[in-house]
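Heads up: the structure comes next, in structure tokens.
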Amino acid sequence: MSRQMGDSHRRFLQTMMANGIVDEQGARTLYQYCCETHNTQHAPDKLDDFIDAINSNLQPMFMQIRKGMSEDNGHQFYALVNMTETVVTRMSSDYADNELELFRKTMDLIVVSENGTASSTDVLNSADTLTTKKLKKSETEHLLNRLVHDKWLCENRGEYTLSTRCIIEMEPYIRAMYQEQIKVCHICHNIAFQCQICENSTCGIKIHNPCVARYFKGRAEPRCPACEDFWPHEIPEVRRPQSQSRR
Amino acid sequence: GKEKASQLFSEGTAFDPTAFAEHLLSFMGLNRLEDGEDEQQNGGAAGGYLPQDAWHRVARRAECCFRSAPAFHYMMGSFHAEPPPPKQKIE
Amino acid sequence: TSQVQRGMQKLTPAQVDQKTAEVVQYFLVKDQKKIPVRRADLVKHVVKEYRTIYPEIMKRASRTFDQVFGLKMIEIDAKNHMYILINKLEPGDGASPIKSPTNPKMGLLFVILSVIFMKGGVVRENLIWNTLKKLRVDPGEKHEEFGDIKKVVADEFVRQRYLEYVRIPHTEPVEHEFRWGQRADVEISKTKILEFMGQLHEQDPQSWSQQYREAHSVSGSTQPGSSSR
Ligand SMILES: [Zn+2]
Ligand SMILES: [Zn+2]
């Protein structure tokens, strides 16, 4: 049963449409702002309830505001996602067919890679193998910039990773399409791209970098939570959300 | 048409697009150059260069004049999900 | 009508819901690039065999936009049956804590609409091109932000129905004039444009008396409905 929405909910949803993704801190202040703008009750601890009310109304359209973790800093984010594929959703005009094909090839590269990244060289090479319509080098570079700008990919020194927004929206798709190749985090059980892997060959569990940071924080000697072997990787610091944290 | 034009002329201030453009350049954050070198090239308009975000500034200010609907963008569902790619693991 | 009622009886509620969702999706997809929805295309690509209950599906889709999204579905062209979505929510008083990304093209469009409005509703194309040139946007050159200016202004904005670009008869060489398009009429507030003009020129908006009257007349300030409760 869908719950009643007010203008505060609608304003929140519209902001999610315009931005695609906001971090938890941003969602909290936005929630307060929307309630204040429309003179409605604001309970600071009821953000997820507020979002559930929106989601119950979005459900018939196969849309959802979904929560997920950034693989970079471990912070929580909310993204507005589409959950279905139909003749109509495929009419989306943001990217051409060959551009979408290149995006999928990039995703293939990232999923099968050891560390969850794809180099720009590899992406450019795979642009030569497009079956729809070839992309020139300059067109591919322009497309990659757009994908980063639209928050589907992240780029760092020529290495591309899937953005938090992309992982949140595409997780069910990735799980279905890459059953054999995906890694799952031993701590949070979500899919993992950038992660540490237990070096015990009979174990080999994976843990997100931020999950590593949280799990081993304050432990004297890091040992694998599954096989108890010594955890040989560098333990990252827990990153606290700042009041104005960046994506 | 004609009637409107004559009314515009007879009452109220006339609108001058050149003055408008000048004001807008300032609003956009134009860096006016000391020497008027560029002036001829720009057909009498002031010289100088606009900052990178010049048009963003106008767009941001104009937002309140528009009642535009925000657009919904998504990746999942924009292409046909095909069966999984062939296994690429080297056993 | 009874035809719709008979059509509804042949369908399950789930089928009608599914079709309504597809119509909503179609509007959202078309709105990504602000292209109006044409009824003929909507029926052909989405509604299809449900065409007998088209009025009911449109009613439900419209209700969804209103109650879930805070948007309003408007028919902007009764002759060709074209629809757009506009926002029902007023901009908030305080600044939103989440800064949504801006589209610089909206700045360009705003300038053009302002000049047309301030010049009484219709201008020759040269006035627009010359004004843009003063703003460092030369229609003869590729602009690094907007690309092909002529294409953006005389094609994209026209397809979106923000502008009308019509040939002036009996001109040699060929000349065109610009007017506000049907989308601009319902989506853009002349009052707010005039306020910005006043701010830019450091002048009282009322001093442009003709424009002021136009902005505050019923047709000039189409209020697309206040927010639903
Ligand atoms: Zn994890
Ligand atoms: Zn282990």
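The values are calculated or read from the model by the stated rules, or taken from the named source; none is laboratory data. Every value quoted in this text rests on a predicted model; they were computed, and no experiment measured them. Positions of Cβ are backbone-derived with ideal geometry, glycine not excepted, and every protein chain shown enters the neighbour counts.
Some values worked out for this structure:
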{"read-out": "Pairs with Cβ under 6 Å, 6+ apart, first in segment C:36-54 and assigned by TED's automatic domain parsing to the domain that holds C:Asp77 and of a type in the set (Ser, Thr, Tyr), second assigned to a helix (DSSP H, G or I) and surrounded by 15 or more Cβ atoms within 10 Å (Cβ to Cβ)", "value": "C:Tyr50/C:Lys19; C:Thr52/C:Gly7; C:Tyr54/C:Val47"}
{"read-out": "Count of residues meeting criterion [within 14 Å of chain B (Cβ to nearest Cβ) and among the hydrophobic types (A, V, I, L, M, F, W, C)] in segment A:126-153", "value": "6"}
{"read-out": "Some residue of segment A:126-133 being at pLDDT below 95, part of a helix (DSSP H, G or I) and acidic (Asp, Glu)", "value": "yes"}
{"read-out": "Filter result (within 15 Å of ligand 2 (Cβ to nearest atom) and either assigned to a strand (DSSP E or B) or within 14 Å of chain B (Cβ to nearest Cβ) (or both)) within segment A:177-200", "value": "A:Lys183, A:Val184, A:Cys185, A:Ala192, A:Cys195, A:Gln196, A:Ile197"}
{"read-out": "Segment A:69-92, subset surrounded by fewer than 19 Cβ atoms within 10 Å (Cβ to Cβ) and facing chain B (nearest Cβ under 9 Å), residue nearest to ligand 1 (Cβ to nearest atom)", "value": "A:Met83"}
{"read-out": "Per-region count, segment C:36-76, residues of a type outside the set (Phe, Trp, Tyr) and either away from every other protein chain (no Cβ under 14 Å) or assigned to a loop (DSSP other than H, G, I, E, B) (or both)", "value": "12"}
{"read-out": "Cβ pairs under 8 Å, 6+ apart, first in segment A:204-221 and within 14 Å of chain B (Cβ to nearest Cβ), second more than 10 Å from ligand 1 (Cβ to nearest atom) and outside any loop (DSSP other than H, G, I, E, B)", "value": "A:Gly204/A:Ile197"}
{"read-out": "Set C:Val153, C:Val166: member being surrounded by 18 or more Cβ atoms within 10 Å (Cβ to Cβ) and either in the same structural domain as C:Gly121 (by TED's automatic domain parsing) or at pLDDT below 95 (or both)", "value": "C:Val153"}
{"read-out": "Some residue of segment A:155-173 being over 18 Å from the mean Cα position of the chain (by Cα) and either away from ligand 2 (no atom under 16 Å from the Cβ) or in a loop (DSSP other than H, G, I, E, B) (or both)", "value": "yes"}
{"read-out": "Hits in segment C:77-96 (condition: in contact (Cβ under 8 Å) with a residue 40 or more places away in the chain and more than 13 Å from every other protein chain (Cβ to nearest Cβ))", "value": "C:Asp77, C:Asn80, C:His81, C:Met82"}
{"read-out": "Matching helices (runs of 4 or more DSSP H) fully within segment A:1-119 where at least 1 residues are β-branched (Val, Ile, Thr) and farther than 29 Å from A:Val184 by Cα", "value": "A:7-19, A:24-37, A:47-58"}
{"read-out": "From the options A:Phe50, A:Phe12, residue that is touching a residue at least 12 places away in the same chain (Cβ under 8 Å) and touching a Leu at 6+ places or on another chain (Cβ under 8 Å)", "value": "A:Phe12"}
{"read-out": "Which listed residue is at pLDDT below 95, not aromatic (Phe, Trp, Tyr) and not assigned by TED's automatic domain parsing to the domain that holds C:Lys72, from C:Gly181, C:Gly140", "value": "C:Gly140"}
{"read-out": "Count of segment A:40-64 residues which are under 24 Å from A:Val87 (Cα atoms) and within 11 Å of chain C (Cβ to nearest Cβ)", "value": "9"}
{"read-out": "Any chance A:Val123 is away from chain B (no Cβ under 14 Å), β-branched (Val, Ile, Thr) and assigned to a helix (DSSP H, G or I)", "value": "yes"}
{"read-out": "Complete set of residues in segment C:170-191 that are under 14 Å from C:Val111 (Cα atoms) and either crowded, with 19+ Cβ neighbours inside 10 Å or of a type outside the set (D, E, K, R) (or both)", "value": "C:Phe178, C:Trp180, C:Ala184, C:Ile188, C:Ser189, C:Lys190"}
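To keep it simple, each residue is scored yes or no on (1) surrounded by 14 or more Cβ atoms within 10 Å (Cβ to Cβ); (2) within 17 Å of A:Phe103 (Cβ to Cβ).
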residue	(1), (2)
A:Lys136	no, yes
A:Asn145	no, yes
A:Arg157	no, no
A:Tyr160	yes, yes
A:Glu171	yes, yes
A:Ile182	yes, no
